[in-house]
Amino acid sequence: MDLNYLHSRHQISLINAAAAKSIEARIAHRRLADLYADRINLQRRDLPAGSAGML
């Protein structure tokens, strides 16, 4: 998956969590943000050495 897409979805999930009207919705959006962050970290880990600074 494209890192730009993952970063975008992560930010949208954080925005949705902040705007959520219920605790349940806030938790759900925060969990999605955490999952996107995990995917971002996994992809960054798999990048060639020295290329992370170019992101």
Response to the item:
Scanning the range 10-55 for residues that are among the aliphatic types (A, V, I, L, M) and in a loop (DSSP other than H, G, I, E, B), the one modelled with the highest pLDDT turns out to be A20
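Considering only the range 1-31, state which residues are of a type outside the set (V, I, T) and open to solvent by 80 Å² or more (accessible area, probe 1.4 Å). Steps first, please.
We begin by selecting, within the range 1-31, every residue of a type outside the set (V, I, T); these are 1-11, 13-14, 16-22, 24-26, 28-31.
Within the range 1-31, M1, D2, N4, Y5, Q11, A18, K21, E24, R26, R30, R31 meet the criteria.
The values are calculated or read from the model by the stated rules, or taken from the named source; none is laboratory data. Everything numeric in this text was worked out from a predicted model, so none of it was measured. Note: areas computed on protein heavy atoms with side chains; ligands, DNA, RNA excluded. Shrake-Rupley method; radii C 1.70, N 1.55, O 1.52, S 1.80 Å.
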